[in-house]
Amino acid sequence: MEHAAYVMAVTDVPATGGYATLVAYTTSQMQTDPLPLGILRFDQQAAQRMGHKKPFLLNTGRIAYVPLDAAYFPYLSRPDHGVIGHAPKDTRAAITEAAKTFFKRPEAIERLGPLWPKSR
């Protein structure tokens, strides 16, 4: 199922010669205030500025670490690489701050995707 995500980071994976990405999940299922820790709301106007058709929530605590390949990004070979839009600088800063707050409680982060190191 296709799902919009916010790319938080892209790294190289020397063992494979490829790349990986850390993405935060989004959802169009809106919630009322107060929002849980690490979740940001984007109204219709803000969403449209970033290329979305409708309002959405971004959850900086629900993140996936996945290969940067066609299995996870099916439009990667297109000229736009499947990018819906870009967050303005102030929005990126707000997302970073929300993520920093969340990362202070690593046990609360929902880790998805195959590339997380295995727990001991």
Residue check, TYR19 over 23 Å from LYS53 (Cα atoms) and modelled with pLDDT of 90 or more: yes
Identity of the residue in the stretch 1-52, touching a residue at least 12 places away in the same chain (Cβ under 8 Å) and charged (D, E, K, R), that ends up nearest to GLU107 (Cα to Cα): ARG41
Yes/no for ALA93 being of a type in the set (A, V, I, L, M, F, W, C), in a helix (DSSP H, G or I) and at pLDDT 90 or above: yes
Residue count, the stretch 65-115 (criterion: β-branched (Val, Ile, Thr) and either touching a residue at least 60 places away in the same chain (Cβ under 8 Å) or at positive phi (or both)): 3
Tally, over the stretch 24-60, of residues that are assigned to a helix (DSSP H, G or I) and in contact with a Lys or Arg (Cβ under 9 Å, 6 or more places away or on another chain): 3
Residue in the stretch 4-19 that is out of contact with any Cys (no Cβ under 7 Å at 6 or more places or on another chain), assigned to a loop (DSSP other than H, G, I, E, B) and over 17 Å from LEU115 (Cβ atoms) present: yes
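The values are calculated or read from the model by the stated rules, or taken from the named source; none is laboratory data. Because the structure is predicted, anything quoted here is derived from the model rather than measured. No Cβ is skipped: glycine too gets one built from the backbone with ideal geometry, and neighbour counts run over all protein chains shown.
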